[in-house]
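J.: Sending over a structure as structure tokens; questions will come in a sec.
The values are calculated or read from the model by the stated rules, or taken from the named source; none is laboratory data. Not measured: the values here are computed from a predicted model. A quick note on method: Cβ atoms are made from the backbone with ideal geometry, for glycine too, and the neighbour counts reach across all protein chains shown.
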Amino acid sequence: MNIFNRIVMLVLAIILLAFGATTFLLLTGIIVPENEYLRAILALYNAWRAVALLRGATTNLAVLIALLLAIVGLVLVILELLPIGRLFRRQREPKQYVVRQDSLGQVTLGRSMVRDLVRHVAEDVPGVVHADEPEVKDGADGLRISTRASLAWDADAPTVGQQLQERVKDSVQTQLGLPVAEVHVTAQTTPVVKDQRRRTPRVA
């Protein structure tokens, strides 16, 4: 939501709050204008009285509606003014890592680049058939990477898992310049797809 839409929403919320609160105060008698000219300017009093008396309705209905409008307007104003209102609409910006900073400026890369590299390295390890998108978290002593890999049915799982850990750690630290504290690997075997085609009998 851009700044113009936010201003429009804020103005409408304030109008709704003022309308509901003023009408509620007038109908409940908390504020009773003694000046006739003031009554004419604040025509809300007579308007709501007329609406409430239509079809035999009581003033309590108008009071309830006015109170509801005031509450809705107050909630909208709070959501527009307080930071919590922007949290529900603001998209979370991707995590950025600073890998180089000098007099010329700084070089940053996104968390998605780390995930892409880990997945590429994982699928390049012999014995790995497929690697899911890894999970990358920040730690006090470096990145904590978790990846799930599907191995070939005849692969040596402990050996492949160790190679996967070492290559992922070395690649992230060497190519991206980011420290890696932990690489967690979850391995699973890729099911064997048997060839179920029918054999054609030989004709003698």
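J.: Would you mind listing the strands (runs of 3 or more DSSP E) fully within region 92-160 where at least 2 residues are modelled with pLDDT of 90 or more and within 30 Å of T189 (Cβ to Cβ)?
T.: Of the strands (runs of 3 or more DSSP E) lying wholly inside region 92-160, those with at least 2 residues that are modelled with pLDDT of 90 or more and within 30 Å of T189 (Cβ to Cβ) span 128-131, 135-139, 142-151.
J.: Here's something else I'd like to know. Among the residues of region 118-139, write down those that are without any contact (Cβ under 8 Å) to a residue 40 or more places away in the chain and more than 18 Å from Q162 (Cβ to Cβ).
T.: R119, H120, D132, E133, E135, V136, K137, listed by residue number.
J.: State the number of residues belonging to region 170-189 that are surrounded by 17 or more Cβ atoms within 10 Å (Cβ to Cβ) and under 19 Å from P158 (Cβ atoms).
T.: Counting residues in region 170-189 that are surrounded by 17 or more Cβ atoms within 10 Å (Cβ to Cβ) and under 19 Å from P158 (Cβ atoms) gives 3.
J.: Another question about this same structure. Would you be able to tell me the number of residues in region 157-177 that are of a type in the set (D, E, K, R) and touching a residue at least 40 places away in the same chain (Cβ under 8 Å)?
T.: Residues in region 157-177 being of a type in the set (D, E, K, R) and touching a residue at least 40 places away in the same chain (Cβ under 8 Å): 1 in total.
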